[in-house]
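Worksheet for the structure shown next.
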Amino acid sequence: MNNPVNDKNFDMVSTLYHASQGVQLSQQFSQDAKEKSDQETQAFFDRVTQHYEDIADEARKLLKQTL
């Protein structure tokens, strides 16, 4: 996919946005698994959530340094 804007800050904001969406979705998926008493799947989505949170946190820090 071609990025119409070749800009580091845009890329960081976009990554932050998508990581934040990933957090929300994976939290919902974890809750869905919990409601079905599927602990293995719930644990997987909890790990996914943590990874997305880590990515979002790093993007936030880098943006603060840049902007």
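The values are calculated or read from the model by the stated rules, or taken from the named source; none is laboratory data. This structure is a prediction, so every number in the text was calculated from the model and none was measured. Cβ coordinates were reconstructed from backbone atoms using ideal geometry, including for glycine residues, and neighbour counts include every protein chain displayed. Only protein heavy atoms, including side chains, enter the accessible area calculation; ligands, DNA and RNA are left aside. Shrake-Rupley method; radii C 1.70, N 1.55, O 1.52, S 1.80 Å.
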I want to confirm something. Restricting to segment 1-33 and keeping residues that are polar (S, T, N, Q) and assigned to a loop (DSSP other than H, G, I, E, B), which single residue is modelled with the lowest pLDDT? 3
Anything in segment 34-61 that is open to solvent by less than 70 Å² (accessible area, probe 1.4 Å), more than 14 Å from the chain's Cα centre (by Cα) and within 26 Å of residue 16 (Cβ to Cβ)? List them, or say none. 42, 43
